[in-house]
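The values are calculated or read from the model by the stated rules, or taken from the named source; none is laboratory data. Not measured: the values here are computed from a predicted model. Methodologically, a virtual Cβ is constructed for each residue, glycine included, from the backbone with ideal geometry; neighbour enumeration extends over all protein chains shown.
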Amino acid sequence: MILALLLEAPQHGYALKKRAGLISGSADMHNNLVYPLLRRFVGKGWVTRRKSAGERGQTRQVYALTAAGRRALLDRIRDFDDAAAASVEEFRIRVGLFPILSPREREEILQNRRAYLAGRDARFEPLQEEMDLGEYGSEVVRFIRQEIKNESTWIERLRQMNRKPKKKLT
């Protein structure tokens, strides 16, 4: 997520931690997560760091994505294995970054997530059909299967969007 936020433009660490927090649904990401990641990315050559004057006279570190960082980000997004396909967060982050992927890469991610959901639904179907889970247990299984159905519908809509030809600018 930090690398993806740097796609837009160079940013200072505080802005990155605030924006990453908003995207992840919290107030901000903790310093002990963001700054070690940035140091690691700088060490790998994925991000550059330069000093810049802050609004109140302080010195801030401004981080920018390098070409190697963009390649690393793309590699990480494209790597959508079974463990990633099982994570709703991993899937949603990738969907948010679909504009930087090719239609074929998007389709692979959508197919992998859809296959995971189909397998999950197949595991829950016998529970709903064959077992007496009681009133509340049955409700939980019904809810989970409805979530699977809703996400599968969304995936199909994303697949349709992915197949639309891009309009050319004139």
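Out of the stretch 9-36, which residues are surrounded by fewer than 11 Cβ atoms within 10 Å (Cβ to Cβ) and within 19 Å of Arg92 (Cβ to Cβ)? Listed by number, the residues that qualify are Gly25, Ser26. Counting only helices (runs of 4 or more DSSP H) that fall entirely inside the stretch 3-92 and contain at least 1 residues that are in contact with a strand residue (DSSP E or B) (Cβ under 8 Å, 6 or more places away or on another chain) and touching a residue at least 24 places away in the same chain (Cβ under 8 Å), the qualifying elements are 13-24, 31-43, 67-78. Against the definition (surrounded by fewer than 16 Cβ atoms within 10 Å (Cβ to Cβ) and in the same structural domain as Gly25 (by TED's automatic domain parsing)), how does Glu55 come out, yes or no? Criteria met by Glu55.
Scanning the stretch 87-142 for residues that are on the phi < 0 side of the Ramachandran plot and of a type in the set (Gly, Ala, Ser) gives Ser87, Gly96, Ser102, Ala115, Ala118, Gly119, Ala122, Gly137, Ser138. Residues that are assigned to a helix (DSSP H, G or I) and in contact (Cβ under 8 Å) with a residue 60 or more places away in the chain were ranked within the stretch 97-119; the one that is nearest to Arg145 (Cα to Cα) is Phe98.
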